[in-house]
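Colleague: Quick one: the structure is below, and I'll ask about it shortly.
Just so it is clear, none of the values below were taken in a lab; they were calculated from the coordinates. All values derive from a computational prediction rather than experimental measurement. Positions of Cβ are backbone-derived with ideal geometry, glycine not excepted, and every protein chain shown enters the neighbour counts.
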Amino acid sequence: MKRISLLFLILLAVAALGGGGWLLFHDRTDPIVVLEPLTAFVSPGLPMQVRASDADSGIRHMAVSVTTGNQTYTILDKRYDGAPTTVEERFTLEPYKIPDGDVVIDIAVSDGSYARFGRGNVQVVASKHVMDTIKPTVSVQSTQHHVRQGGPGLVVYTVSEPAAKTGVQVGERFFPGYAQGGGKYACFFAFPHDMDPKAFAPVLFADDAAGNRAVAAFTVTAIPRTFRRDTINVTDNLINKIDSEFASLVPGQMGALERYVRVNREVRLANDTLLLEVGLRTSPLPLWSGAFRRMPGAPMARFADHRTYIYNGQEVDQQTHMGQDIASTANADVPAGNHGTVVFAGYLGIYGNMVMLDHGLGLQSMYAHLSEMHVQEGDEVAKGQVIGKTGFTGMALGDHLHFAIYVSGVPVSPIEWWDSSWIKNNIKDRLALPEKVDPAREEAEDAAANAAAEQAASPAKKPAKPQKPAAKNKQ
Ligand SMILES: [Zn+2]
């Protein structure tokens with residue numbers, strides 16, 4: 001009789017607890033525990049985090065400790081009210097003054113269930129690391145960093161141990177440095193065209209594998225520049241061309257002008273974001289030599305022209321033009337600016353059919369609005385080799401080449417790269433470039449080719465299209 005009533009009471013209790021109660025007794029899964037970063041080396045300042053989760057019954061308790069030799073330090077011992085499904089704890093090992101050598105980090109997390117006689121399921125994670133408290137030493141070898149606004153700079157330096165991450169930070173933008181062998185690194189960085197010269201303060205740093213960061217003293221002379229302002233008269237011809245070409249990229253019912261403005265803003269932004277990723281697909285060693293070759297033709301819109309777009313007398317948009325436009329005859333041959341590897345050859349939104357060449361260390365050159373592309377991704381090209389033909393694919397109305405230089409995905413002024421003496425003073429004297437031909441001969445040939453290309457710029461040259469005076473707005 002008693003046994004029956006006891007059984008009845010237990011059944012009643014279980015029924016009262018319902019489904020959730022059932023889980024609390026029957027959760028047999030351990031919580032999931034993840035320590036990040038899970039690196040072989042750790043430093044005192046390395047930010048670490050533990051994420052623990054248990055979908056069934058939540059997290060009740062977490063304990064984190066670190067053991068070195070015969071010393072154990074408690075980093076965390078925390079109980080959670082209400083058994084949250086996910087908890088996240090951040091810490092560094094800074095407060096414990098742990099000496100260099102082996103350390104073990106132990107983490108024990110229990111869930112909110114009543115399994116295992118009410119203690120819950122416990123997940124225990126132990127990881128071995130090596131504590132490294134010594135910062136690398138960074139010494140800058142290059143001097144005289146004169147950087148024009150919108151232009152590139154190069155810093156050459158040594159790091160006393162292999163760097164896990166190194167380069168130059170300029171505001172929000174990071175420019176990676178690349179190992180050149182023998183502890184030497186080289187980093188191209190940009191003085192962004194839209195940055196206040198007073199705010200231009202590049203910071204050179206190197207992190208070792210443990211996360212110890214060394215920041216090196218490094219001075220630059222910022223040379224301010226003013227850029228042109230330009231007005232683009234948005235014609236019906238232009239918006240209708242964009243409307244049909246971009247109907248799939250910016251889909252939906254809208255007027256041709258609205259699609260034009262959205263392409264100019266949204267597609268441009270998406271394209272430029274992709275170029276930041278393309279900028280990281282680069283050779284760690286330089287692939288180019290000497291000055292870049294300029295395509296023969298008339299200079300049109302310039303780098304960092306600030307453009308106001310006018311349609312029917314109304315301002316409809318503002319953007320900045322991040323390259324140099326060159327107009328020649330229609331479907332003119334486009335020469336590779338320098339030796340390199342094709343990292344992109346395809347259709348990319350506002351740039352239309354576009355070829356991007358990688359020259360190493362994040363330095364890349366762009367050839368946009370092409371009618372034909374004669375290369376594909378992975379091809380190696382030589383300076384002057386024809387890689388395609390000019391056209392007006394993408395956001396362009398008239399036939400021209402949009403030529404641009406990028407440094408780790410950030411556009412910089414192309415002018416410097418066409419200038420043999422700038423290359424000599426700012427790069428060749430600091431960084432060994434591959435010598436494809438005799439350097440003196442190369443310099444003479446580059447100078448002659450680029451002077452001839454400028455000559456081709458004279459208005460006497462046969463225009464690409466009859467409406468040449470409107471070419472200013474070719475985009
Ligand atoms: Zn352009």
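Colleague: Given a Förster distance of 25 angstrom, what is the FRET efficiency for residue 119 paired with residue 49, based on the Cβ-Cβ distance and rounded to 0.05?
Modeller: FRET efficiency, residue 119 to residue 49: 0.50.
Colleague: Which FRET efficiency, nearest 0.05, do residue 137 and residue 34 yield, Cβ-Cβ r, R0 30 Å?
Modeller: Using R0 = 30 Å, I get an efficiency of 0.35.
Colleague: Using a 10 Å Cβ count of at most 16 others and DSSP loop calls, identify the longest part of the chain lacking such GluC sites (Glu not before Pro).
Modeller: After excluding every exposed loop site, the longest remaining stretch is 173-376.
Colleague: Still on this model: Between residue 424 and residue 248, what is the spin-label point distance in nm, taking each point 7 Å from the Cα along the Cα→C-beta axis?
Modeller: 5.0 nm
Colleague: Using the Cβ atoms and a cut-off under 14 Å, what net charge is assigned to the surroundings of residue 244, where Lys and Arg are +1 and Asp and Glu are -1?
Modeller: Residues near residue 244 contribute -1 overall.
Colleague: Here is a follow-up. I need the peptides 360-370, 417-427 ranked by packing, meaning the mean over residues of other C-beta atoms within 10 angstrom, with the highest value on top.
Modeller: Top to bottom by mean Cβ count within 10 Å: 360-370, 417-427.
Colleague: When we measure straight from the Cα of residue 128, which aspartates and glutamates land under 17 angstrom away, once same-chain ones fewer than 8 places off are left out?
Modeller: Residue 128 reaches 36, 100, 102, 106.
Colleague: Let me ask something else. Can you tell me the length gained on complete extension of the stretch residue 194 to residue 72, counting 0.36 nm per residue apart and subtracting the Cα distance? Display every interim value, and only then the final one.
Modeller: Details: separation 122, 0.36 × 122 = 43.92 nm, distance 5.19 nm.
Separation in residues times 0.36 nm, less the Cα-Cα distance, equals 38.7 nm.
Colleague: Taking Cα atoms, how many degrees apart are the long axis of helix 236-245 and the longest axis of the chain, rounded to 10 and kept between 0 and 90?
Modeller: 50 degrees
Colleague: What angle, in degrees between 0 and 90 and rounded to the nearest 10, separates the Cα long axis of helix 268-278 from the longest principal axis of the Cα atoms of the chain?
Modeller: So the inclination is approximately 80 degrees.
Colleague: Let's see if you can work this out: charge +1 on each Lys and Arg Cβ, -1 on each Asp and Glu Cβ, no other charges. What is the dipole magnitude of the chain about its Cα centre, in debye to the nearest 20?
Modeller: Its charge dipole is roughly 540 debye.
Colleague: As I understand it, the value is the acute angle between the Cα axis of helix 2-26 and the longest principal axis of the Cα atoms of the chain; what does it come to in degrees, rounded to 10?
Modeller: Around 10 degrees separate the two axes.
Colleague: Of 103, 409, 69, which is farthest on the positive side of the dipole of the chain, counting Cα position, with +1 on Lys and Arg Cβ, -1 on Asp and Glu Cβ, and the Cα centre as origin?
Modeller: 409
Colleague: Something else now. Can you give the FRET efficiency to the nearest 0.05 for residue 203 and residue 160, using r as the Cβ-Cβ distance and R₀ = 25 Å?
Modeller: Details: r = 19 Å, r/R0 = 0.74.
Here the calculated transfer efficiency is 0.85.
Colleague: For residue 57, what charge total do you get from the other residues with a beta carbon under 15 Å from its beta carbon, if Lys and Arg give +1 and Asp and Glu give -1?
Modeller: That sum, taken over residues with Cβ under 15 Å, equals -1.
Colleague: Strictly over 31 Å apart at the Cα level, which of 198/241; 198/389; 165/424; 241/383; 198/436; 198/424 would you flag in this model?
Modeller: Over 31 Å apart, Cα to Cα: 198/241; 198/389; 241/383; 198/436.
Colleague: Using the Karplus curve 6.51 cos²θ - 1.76 cosθ + 1.60 with θ = phi - 60°, work out ³J(HN,Hα) for each residue of region 311-326 in order, rounded to whole Hz, and write x for Gly and Pro.
Modeller: 10, 6, x, 10, 6, 10, 6, 9, 8, 10, 8, 9, x, 10, 8, 10
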